[in-house]
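Colleague: Just dropping this structure here.
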Amino acid sequence: MRNKLGIGSVVVALLGVSVVLAMGQTPDARAQRARAAPIAWEYKVSVISYNPGERLNEDQRAARYEKLLNAEAREGWEPVTSLLTRNTVQTVGGAVTTRDTTSYVAFRRPR
């Protein structure tokens, strides 16, 4: 079997090696950085609820949630996840049905 690399490919490869050697530059050896210690987190849970009976429009409801999130952020807390969302449906006298939603949101901040 014949080698499929032509003379041109060999010349280009040798030229590249000779340029690197002529410049005298080699990569610097560097030590790896020590890994940072893992961050210790402090957690807390807050309740966010939704009750359609409050008669808030969407902008008012969003403003209420933003106020809660900004208050927590000022203290260094960041939301992580919702741990549990509970929906409650109640029918009173067969005519009035209410649906309430309660969410438990986990927050964390570095210790």
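Bear in mind these aren't lab numbers, they're just calculated from the coordinates by the rules spelled out. None of these values were measured; they are calculated from a predicted model. We place every Cβ from the backbone using ideal geometry, glycine too, and count neighbours over all the protein chains shown.
Colleague: Would you be able to tell me the number of residues in segment 69-102 that are under 20 Å from the mean Cα position of the chain (by Cα) and on the phi < 0 side of the Ramachandran plot? So that I can check it myself, show each step before the final result.
Modeller: First, pick out the residues of segment 69-102 that are under 20 Å from the mean Cα position of the chain (by Cα): 69-70, 72-84.
Adding the requirement that they be on the phi < 0 side of the Ramachandran plot leaves 69-70, 72-75, 77-84.
The qualifying residues number 14.
Colleague: Search segment 33-48 for residues that are within 23 Å of S82 (Cβ to Cβ) and in contact (Cβ under 8 Å) with a residue 40 or more places away in the chain and pair each with any residue that is surrounded by 10 or more Cβ atoms within 10 Å (Cβ to Cβ) and among the basic types (K, R) when their beta-carbon atoms are under 6 Å apart and the residues are at least 6 apart or on different chains.
Modeller: W41/R108; E42/R109; Y43/R108
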